[in-house]
Amino acid sequence: MAQIRGLAAHAAGAELLPYRYEPGALGAQEVEIAISHCGVCRSDLHLISNDWGISQYPFIPGHEIIGTVAAMGSAVRTLKEGQRVGLGWQSNSCGECEWCIRGMENLCAASEATCVHRNGGYAESVRADARFVIPIPEALNSERAAPLLCGGITVYSPLRAHGVNPSSRVGVVGIGGLGHLAIQFARAFGAQVTAFSTSAGKEEEARALGAHDFVNTCETKAMKEKTGTQDFILTTVNADQDWSAFMQTLRPTGTLCFVGVPPSPVTIHAFPLISGMRAITGSPIGSPFALREMLDVAARHRVQAQTEQFSMAKANEAIEKVKKSKVRYRAVLAN
Ligand code: NAP
Ligand code: ZN
């Protein structure tokens with residue numbers, strides 16, 4: 001069995017170094033993907049620096065993967081060798097619990113992540129359970145679709161789950177990898193979309209992506225003017241914010257939904273929750289079924305990531321640029 005070569009983090013926050021590992025015998029349900037593209041999600045940076053205390057070194061990051069089926073286990077019937085496929089954050093689940101049976105595999109307690117305690121997509125190939133290896137619609141370009149496998153599904157799922165529709169007023173907080181896809185999906189769902197950003201320079205691009213309105217969140221007056229205007233606010237920022245100010249922008253019965261992971265606990269006064277029956281929630285990635293649906297919607301409504309391509313060998317350069325929030329809007333590594 002050939003070794004798999006990639007780039008691994010060997011210690012918290014360290015530069016990635018060339019690394020190879022022995023994948024062992026291919027399991028009956030497993031698929032090996034020859035990787036063509038892998039997006040650089042902010043979660044990879046959190047893992048590399050062990051922000052969440054779950055990283056085990058060395059490991060190869062990367063979980064926005066597109067490639068072709070290179071090998072399949074004996075029990076895999078649904079895919080063909082050479083077929084173009086994608087793999088996101090989740091690479092396996094128990095398949096038997098209530099959540100797996102309900103088609104909500106992303107809530108399975110035994111869920112396995114593509115690059116946590118295993119090696120991910122900054123590599124020439126990767127393996128996963130066939131259920132999580134998703135065919136890519138022909139209309140999608142691999143470089144621009146790779147970020148849909150994590151960033152895309154993470155914003156698509158809550159918009160769908162919370163019933164966003166043409167009557168909805170949706171706020172997207174943080175216009176980065178996730179946020180720029182959220183604007184496009186919310187627009188495809190027919191909603192009135194407002195971009196909330198700390199970067200005044202992103203206004204024109206946010207509008208070009210489909211936002212009807214743009215709020216510079218650094219301006220207290222601009223935030224105040226939005227009081228009581230939003231039905232659903234999706235926050236994608238990985239930084240602490242004035243969450244009470246966002247609660248104030250919600251209409252009665254509105255929801256503030258976290259997909260980005262701020263470093264500190266979120267503290268909010270109970271009063272706006274009580275008086276307006278407002279809610280706070282969160283959402284993790286999406287199920288394999290949701291991934292298929294999201295890719296189909298992306299293909300038909302032309303939702304795609306705005307990308308900056310780096311060769312796989314330049315992964316460290318890409319990571320540095322993401323760290324400085326200089327990428328518009330997703331770095332994608334290509335083999
Ligand atoms: P990203 O491309 O770096 O975008 C994050 C955006 O947040 C930035 O573009 C910026 O937008 C805003 N931001 C960054 N630093 C800020 C600061 N100091 N103050 C205010 N705003 C700041 O990251 P991403 O890949 O979209 O990931 C975003 C977050 O989602 C990460 O925490 C990641 O781990 C998490 N995530 C969660 C899931 C899930 O399943 N829930 C899945 C994937 C990722 P503006 O310039 O517009 O302010
Ligand atoms: Zn991700």
Listed residues Gly282, Gly24, Gly62, most fluctuating in the chain (Gaussian network, C-alpha, under 10 Å): Gly24
Which of rounded, prolate or oblate describes region 1-138 when judged by the alpha-carbon gyration tensor and an a/c cut-off of 1.5? oblate
Met277 accessible area, 1.4 Å probe, all protein chains in place, Å² to nearest 10: 140
Kirkwood hydrodynamic radius of region 237-318 from all distinct Cα pairs, in Å? 16.2
In the Gaussian network model of the chain, springs joining C-alpha atoms below 10 Å, which of His46, His180, His162 carries the largest mean-square fluctuation? His162
So how strong a dipole does region 1-128 carry about its Cα centre when Lys and Arg Cβ are +1 and Asp and Glu Cβ are -1, to the nearest 20 debye? 240
From the cross-link list Lys224/Lys321; Lys202/Lys321; Lys202/Lys226; Lys226/Lys324, the entries with a Cα-Cα span beyond 26 Å are Lys224/Lys321; Lys226/Lys324
Rounded tilt (10° steps) of 288-301 against the dominant C-alpha axis of the chain: 70
Of Thr236, Thr194, Val76, farthest towards positive along the dipole that unit charges on Lys, Arg, Asp, Glu beta carbons give the chain: Thr194
Which whole-number percent gives the relative contact order of region 152-282, counting Cα pairs below 8 Å spaced six or more residues apart? 21
Shape of the chain from its Cα gyration tensor (a ≥ b ≥ c, root eigenvalues): rounded if a/c is under 1.5, otherwise prolate when a/b > b/c, or oblate? prolate
In whole angstrom, note down how far apart the Cα centers of region 151-169 and region 20-64 are. 27
For the ranges 111-119, 128-136, what's the packing order if you count other beta-carbon atoms within 10 Å of each residue, average per peptide, and put the highest first? 128-136, 111-119
What number, in percent, do you get for the relative contact order of region 42-156 if the mean sequence gap of Cα pairs under 8 Å and at least 6 apart is divided by its residue count? 32
Computed on Cα atoms, the radius of gyration and Dmax of region 152-282 in angstrom are 13.2, 37
Cβ charges +1 (Lys, Arg) and -1 (Asp, Glu), total dipole of region 152-282, debye: 300
Expressed in nm to one decimal, what extension gain is obtained for the pair Glu138 and Ala245 from 0.36 nm per residue of sequence separation less their Cα-Cα distance? 34.3 nm
How would you order 168-178, 65-75 from highest to lowest mean count of nearby Cβ atoms within 10 Å? 168-178, 65-75
Below 15 angstrom from the Cβ of Arg5, what's the summed charge of the other residues (Lys, Arg +1; Asp, Glu -1)? -1
Which one, Cys41, Cys257, Cys150, has the greatest fluctuation when you compute a Gaussian network model over the chain with C-alpha springs under 10 angstrom? Cys257
Counting only protein heavy atoms and rolling a 1.4 Å probe, one gets per residue an accessible area for the chain in Å² of 43
Once the in-chain neighbours fewer than 8 apart are removed, the aspartates and glutamates whose Cα is under 12 Å from Lys80 read Glu32
With an 8 Å Cα cut-off and a minimum separation of 6 or more residues, compute the relative contact order for the chain in percent. 18
Straight-line reach check, Lys323, cutoff 18 Å on alpha carbons, 8 or more apart in-chain or any other chain, hits among aspartates and glutamates -> Glu15, Asp44, Asp51, Glu64, Asp240, Glu308
Given backbone amide H placed at 1.01 Å from N, residues whose amide H is under 5 Å from that of Phe196, ignoring those fewer than 5 places away on the same chain, are Val172, Val173, Gly174, Val215
Taking Cα atoms only, helix 177-188 is inclined relative to the longest principal axis of the chain by an angle, in degrees rounded to 10, of 70
222 nm [θ] for the chain, helices only, -39500 (n - 2.57) per DSSP H run of 4+, per residue, to 500? -6500 deg cm²/dmol
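The values are calculated or read from the model by the stated rules, or taken from the named source; none is laboratory data. Small disclaimer: the values here were computed from a predicted structure and weren't measured. No Cβ is skipped: glycine too gets one built from the backbone with ideal geometry, and neighbour counts run over all protein chains shown. Just so you know, the surface numbers come from the protein's heavy atoms only, side chains and all, with ligands and any DNA or RNA stripped out. Shrake-Rupley method; radii C 1.70, N 1.55, O 1.52, S 1.80 Å.
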